[in-house]
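Q: Following this message is one structure expressed as structure tokens.
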Amino acid sequence: MVVITLTAALCSYYVWHWWRADSMGNRDGKAAFPWMPIGVVLLIGAVADTPERRVRTMERDTSVAMSRLLGQPVTYECGNLWSLFFDRHGHMARGYVMWTEHGPDTVAQLRRDSCQGLAEFFKQRQKGLPDNPRPMVEALHVVSHEARHLAGEHREDKAECQAVQRNFEVAEALGASRDVARSIALFYWNEQYPHQSQTYFSPECRSGGALDEKISTAPWRL
Ligand SMILES: [Zn+2]
């Protein structure tokens with residue numbers, strides 16, 4: 001958006017420079033610099049740029065916190081509106097990490113609606129769950145789930161169960177209060193995990209199950 005705005009402003013300047021004419025139509029005469037239209041273009045650009053800047057800040061904060069938590073440099077990127085329609089990886093998941101024969105990429109792509117939920121998380125993280133907590137909880141869980149792929153787990157049901165057991169610490173790492181982090185972990189475990197598809201759900205993901213990592217942040221220990 002910054003580039004578009006500056007380009008528009010620059011184009012306006014050159015158009016003015018090329019076509020400048022005084023009130024008598026004399027192109028060699030002096031014409032007032034069109035401050036007004038350029039000012040309007042810059043103002044529109046600045047206002048439109050604010051949400052985009054917020055997304056960039058959110059991406060950076062998430063990447064920094066998750067790199068610290070995982071002990072390895074990782075990047076989280078938000079998809080834009082186009083990525084909803086033209087997913088370049090042909091994959092419409094809420095988030096994904098590319099894999100090659102060498103293992104996982106260091107970048108987690110988040111679909112646009114996941115980032116909208118994440119923005120709500122950043123707004124509510126010290127206050128509490130909103131009336132409809134689902135988008136915010138799902139988004140936090142997507143960050144947590146993709147982190148398991150970034151850490152090297154390829155299987156979806158295992159990555160999902162590892163994420164379920166770490167939603168609490170991921171929420172705290174991203175600045176949530178203890179209460180909010182706990183509410184998120186429990187909401188996902190009670191309301192969303194049981195409805196997951198077979199690819200993601202495992203009956204062994206429970207207290208004492210084969211996928212129980214016996215860590216204190218598992219929802220069945222909170
Ligand atoms: Zn996955």
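Q: I'd like the full set of residues that are of a type in the set (A, V, I, L, M, F, W, C) and within 16 Å of the ligand (Cβ to nearest atom), limited to the stretch 189-206.
A: Phe201, Cys205, listed by residue number.
Q: Among the residues of the stretch 124-142, which ones are away from the ligand (no atom under 12 Å from the Cβ) and not in a loop (DSSP other than H, G, I, E, B)?
A: Gln124, Arg134, Pro135, Met136, Val137, Glu138, Ala139, Leu140
Q: Select from the stretch 149-161 the residues that are within 9 Å of the ligand (Cβ to nearest atom) and farther than 13 Å from Ser202 by Cβ and write down the one among them that is surrounded by the fewest Cβ atoms within 10 Å (Cβ to Cβ).
A: Going through the qualifying residues, I end up with His154.
Q: Taking Arg155 as the residue in question, decide whether it is under 16 Å from Gly95 (Cα atoms) and among the basic types (Lys, Arg).
A: It is true that Arg155 is under 16 Å from Gly95 (Cα atoms) and among the basic types (Lys, Arg).
Q: When the stretch 193-208 is examined, which residues are found to be free of Cβ contacts under 8 Å to residues at least 24 places away in the same chain and under 17 Å from Val137 (Cα atoms)?
A: Hits for the stretch 193-208 are Pro194, His195.
Q: Six or more apart or on different chains, Cβ under 8 Å: which pairs go from a residue in the stretch 150-162 that's free of Cβ contacts under 8 Å to residues at least 40 places away in the same chain to one that's more than 9 Å from the ligand (Cβ to nearest atom)? Could you list them?
A: Glu153/Gln162
Q: If you scan the stretch 105-116, which residues turn out to be among the small types (Gly, Ala, Ser) and within 8 Å of the chain's Cα centre (by Cα)?
A: Of everything in the stretch 105-116, just one residue is among the small types (Gly, Ala, Ser) and within 8 Å of the chain's Cα centre (by Cα), namely Ser114.
No value in this document is a laboratory result; all are computed from the given coordinates. All of these numbers come straight from a predicted model, not from anything done at the bench. In this analysis, Cβ positions are derived from the backbone assuming ideal geometry, glycine residues included, and neighbour counts consider all displayed protein chains.
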